[in-house]
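K.L.:
If you scroll down you'll find the structure; I have some questions about it.
The values are calculated or read from the model by the stated rules, or taken from the named source; none is laboratory data. Keep in mind that what you see is a predicted model, and the values were worked out from it rather than measured. FYI the Cβ positions are ideal-geometry reconstructions off the backbone, even for glycines, and counts take in every protein chain you see. We work out accessible area using only protein heavy atoms, side chains counted, and drop any ligands, DNA or RNA first. Shrake-Rupley method; radii C 1.70, N 1.55, O 1.52, S 1.80 Å.
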Amino acid sequence: MDTITYEGICEKLGFDVDTYQPPESDTEDDSVESPFRKLTLEELTFLTNRIVKKQNA
């Protein structure tokens, strides 16, 4: 199994997660798929843990 890294996740998504600004709309648009759907459960857990650590720092 490959080691999960923040840089690897950003490369897979094609953007820096820390500076990502989701598109805004005045209406809910279910036709736009979240780019985070590309991630595995392990990658999502990695990002969640990273966010929690940054908030507690």
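K.L.:
State in Å² the accessible area per residue of the chain; use a 1.4 Å probe, count heavy atoms of protein chains only, and round to the nearest integer.
P.N.:
Ligands and nucleic acids excluded, the figure is 87 Å² per residue.
K.L.:
A further question follows. For the Cα atoms of the chain, what angle does the longest principal axis make with the long axis of helix 41-56, in degrees from 0 to 90, nearest 10?
P.N.:
80
K.L.:
Could you work out the equivalent-ellipsoid semi-axes for the chain, taking the square root of 5 times each eigenvalue of the Cα gyration tensor, largest first, in whole Å?
P.N.:
23, 15, 11
K.L.:
In whole percent, and with a 1.4 Å probe on the protein chains, what portion of the accessible area of the chain is carbon and sulfur?
P.N.:
49
K.L.:
Straight-line reach from LYS38: which aspartates and glutamates fall under 20 Å, measuring Cα to Cα and dropping same-chain residues less than 8 apart?
P.N.:
ASP2, GLU7, GLU11, ASP16, ASP18, ASP29, ASP30
K.L.:
Same structure, new question: Suppose each label sits 7 Å from its Cα in the direction of the beta carbon; what would the ASN49-GLU33 distance come out to in nanometres?
P.N.:
2.8
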